[in-house]
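Student: Dropping a structure here in structure tokens format, bear with me for questions.
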Amino acid sequence: METNASSTANVDRISALPPPILHHILSFLSLEQVVPTSVLSKTWKQLWHTFPNVEYNPRRSTFRRQKMVLKYLEQFLLNRYLDAISLEKLTLRVELLSDDPDLESIMNRCLSYAFASNVKELKLDVGCCRIYNVPQIVFYLKSIYVLDFEFCKLEPPRSTVTLLSLRKLCLSFVHVDDEVIRDMVAGCPLIEYIIINNCPGLKSLQLLGLNKLKEIKLDSNRCGLERVYINGVNVHSVDIKVYLEPCEVNVSSCKNLTHLRLDGLSITDKWLYNQISELPFLEYLALHYCMKLRCINISSPRLKELVFERCEELVEFELDTPNLSIFKCFNYVESFSSNALALSQTLLCFISHPVDNEWYLKFIKLLARFNLCSNVLNLQCNHEAVLIPRELREILCPPLTYHKHVSFSVLSEILEVSLANLVDCLLWITPHAETLSIEWPNINFYELSFQFSYKKKLTYEGETPSCCQSLPLSCWKHCIKEVKIECTEKYPIRQINRESFSSEDGDIMEKINDLWKSLLDMMILHSKIFAEYDGP
């Protein structure tokens, strides 16, 4: 019995699994981890020999070891080619630290054997230490689906490009010129995704007549890009980032475009109006650091989400967007008008600090423009912005009487904040809100959530408490029935602590202050622990 039990325990059950499952298991290992498995048995040797995805991605490697591994990989790829075993994916991340010509020759042969094995996806990253010229054969791979190059150089093709199966092209820090890109995409009739990231030498990008093209992402950080023209009947997403360089952009011919993100472009109000008016199916528009925008007018019947961030001169919005549901603005705005019937979410971010009562009056007036837009408000600003002076609260109407759910991100030091005052002022801005959440992005240890229930109507009948006699609406402290507070501790372990206070238990403000004191002690303790953990 003991012998049978021992023999059963020693049975290799993993090797008996089907090859596709074993290949999937090996896919989680690096090349240097997979290779030793080939000596376990003939089964594992054959598995490695037929493994469809080969990836060499060392974290740290000496030149000598790197060359040794590449020589092994060269022989491995040669054997696959000789045995007519196809290759699905090859990933090579190699820091070419030396000018050794033999190393570049090994790289070229590795690629040649992979191409001969009809590789479907190639990712090549040679680091920034030296420039590697990709072999010309890369332009004539009729079976390849994905090409992803980093820190390489592509010389102009010597004949017509025939990348007849290519679906995705990614170029990052690749030395190219206009001619290379033009000839390359012209030979890719099935191309769907193009990503170009900081490619020196590219001045003008023209993508024309690519009927299968769906998405374009372009990032140029002081690379001298001057012109972008895209004409694709099926293009649905365009993302362009040019870091404040003078670059002429035209996407108005992409009639089916639904997603447009522009970052750092020197576009004008007129340009924006004309381009957007030509995009009838646009649903998402995001503009970041577009410094020439000032008074925008957007007419877009299907637009659902609109985002503005750090467009410093932008002060006026006029929106003809009846289907807009999400509006996010990281700008101070002086004028806002919209015919959006119902925003599901409004996010407003104010970086500037309040200076006087005039600033607060403008702030309240701006918030009031969003009163009928949505039930949910996400507000991000310095805590001082919402600490509206009591003398103003006593004579002005609350700006957001229809918002039921408020989320507030405090962009200031946590020790500067009085939680009781913060809650009091937020509930003046949005009287009788049902939920209120407060978080500190700079701290990110805790998030506070409040749920309120009220025992009286919005306006008092009969006798009015002394603190509310001059208020247009009853203050929350005299209408509150119960408040449930949920404190979520995010680090090091996510924990949720819940408290519930009733108006019958005493002054709720005192309860909130007591909770805040204990919370501050915990935050200070956590900050010290993390500071010690991170070290000097």
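Throughout, read-outs are computed from the coordinates displayed, never taken from laboratory work. All of these numbers come straight from a predicted model, not from anything done at the bench. We place every Cβ from the backbone using ideal geometry, glycine too, and count neighbours over all the protein chains shown.
Student: Considering Cα pairs under 8 angstrom that are at least six residues apart, work out the relative contact order of segment 131-231 and quote it in whole percent.
Tutor: On the way: 230 pairs, mean separation 22.9, N = 101.
Dividing the mean separation by the residue count of segment 131-231 yields 23 percent.
Student: Turning to a different aspect of this structure: Take GLU358 and ILE131, extend 7 Å from each Cα along the Cα→Cβ direction, and tell me the distance between the two endpoints in nm.
Tutor: Each label point lies 7 Å from its Cα, and together they span 5.7 nm.
Student: Hey, can you grab everything whose amide H is under 5 Å from the amide H of ARG130? Only 5+ residues off in sequence or another chain; H modelled, so Pro and N-termini drop out.
Tutor: Excluding prolines and chain starts, which carry no amide H, the hits are LEU96.
Student: Could you pull out every residue, at least 5 positions away or on a different chain, whose amide H is within less than 5 Å of the one on CYS329? Hs are placed 1.01 Å off N in the peptide plane, and Pro or chain starts have none.
Tutor: Amide H neighbours of CYS329, under 5 Å, 5+ apart: PHE308, LEU347, LEU348, CYS349.
Student: Residue by residue through segment 221-227, which ³J(HN,Hα) values in whole Hz follow from phi under the Karplus form 6.51 cos²θ - 1.76 cosθ + 1.60 (θ = phi - 60°), with glycine and proline marked x?
Tutor: Coupling constants for segment 221-227: 9, 6, 9, x, 5, 10, 8 Hz.
Student: Follow-up question, since we're still on this one. Considering the options ASN274, ILE326, LEU361, tell which one lies farthest towards the positive end of the dipole of segment 274-392, charges being +1 on Lys and Arg and -1 on Asp and Glu at the Cβ, about the Cα centre.
Tutor: Result: ILE326, furthest along the dipole toward the positive end.
Student: Moving to a separate point now. Hey, got a sec? Which trypsin sites (Lys or Arg not before Pro) in segment 156-209 land in a DSSP loop and have at most 15 other Cβ atoms within 10 Å? Walk me through the numbers on the way to the answer.
Tutor: Details: sites: ARG158, ARG167, LYS168, ARG182, LYS203; in loops: ARG158, ARG167, LYS203.
Sparse-neighbourhood loop trypsin sites (Lys or Arg not before Pro): ARG158, LYS203.
Student: Starting from the Cα of TYR273, step 7 Å along the direction of its Cβ; do the same at MET509; then give the gap between the two resulting points in nm.
Tutor: Label-label distance for TYR273 and MET509, simple model: 5.0 nm.
Student: For segment 262-311, run through the chymotrypsin sites (Phe, Trp or Tyr not before Pro) and keep only the ones in DSSP coil with at most 15 other Cβ atoms within 10 Å of their Cβ. The partial results should precede the final answer.
Tutor: Numbers: sites: TRP271, TYR273, PHE281, TYR284, TYR289, PHE308; in loops: PHE281, TYR289.
Answer in residue order: PHE281.
Student: Suppose we keep just the alpha-carbon trace of segment 131-231; what are its Rg and Dmax in angstrom?
Tutor: Computed over the Cα atoms of segment 131-231, radius of gyration and Dmax are 12.3, 35 Å.
Student: I've got another one for you. Report the FRET efficiency, 1/(1 + (r/R0)^6), for LYS153 and ARG182, where r is their Cβ-Cβ distance and R0 is 25 Å, rounded to 0.05.
Tutor: Details: r = 17 Å, r/R0 = 0.67.
Result of the calculation: an efficiency of 0.90.
Student: Dipole of segment 131-231 (Lys/Arg Cβ +1, Asp/Glu Cβ -1, origin at the Cα centre): which of VAL228, LEU169, LEU190 lies farthest to the positive side?
Tutor: Working it through, the farthest residue towards the positive pole turns out to be LEU190.
Student: If you don't mind, there's one more thing I want to ask. On a 18 Å Cα-Cα criterion, which of the cross-link pairs LYS168/LYS217; LYS142/LYS214; LYS153/LYS212 come out too long? Present the calculation step by step, with values, prior to reporting the outcome.
Tutor: Working: LYS168/LYS217 12 Å; LYS142/LYS214 21 Å; LYS153/LYS212 26 Å.
Going by Cα-Cα distance, LYS142/LYS214; LYS153/LYS212 fall outside the 18 Å limit.
Student: Determine, from the Cβ-Cβ distance of HIS405 and ASN57 and an R0 of 30 Å, the FRET efficiency 1/(1 + (r/R0)^6), rounded to the nearest 0.05. Could the numbers behind the result be given before it?
Tutor: Details: r = 45 Å, r/R0 = 1.51.
Efficiency at R0 = 30 Å is approximately 0.10.
Student: At 0.36 nm per residue, and after removing the present C-alpha to C-alpha distance, how many nm does the segment from TYR243 to SER86 gain when stretched out fully? Before the final figure, lay out the partial values.
Tutor: Details: separation 157, 0.36 × 157 = 56.52 nm, distance 4.26 nm.
Fully extending the segment from TYR243 to SER86 adds 52.3 nm.
Student: As an exercise, identify the chymotrypsin sites (Phe, Trp or Tyr not before Pro) in segment 85-138 lying in DSSP coil whose Cβ has no more than 13 other Cβ atoms within 10 Å. Walk me through the numbers on the way to the answer.
Tutor: Values: sites: TYR113, PHE115, TYR132; in loops: none.
Filter output for segment 85-138: empty list.
Student: Between segment 131-203 and segment 227-255, what is the separation of their alpha carbon centroids in Å?
Tutor: 19
Student: Can you list residues whose amide H is under 5 Å from LEU190's amide H, if they're 5+ apart or on another chain and H is modeled 1.01 Å from N?
Tutor: LEU166
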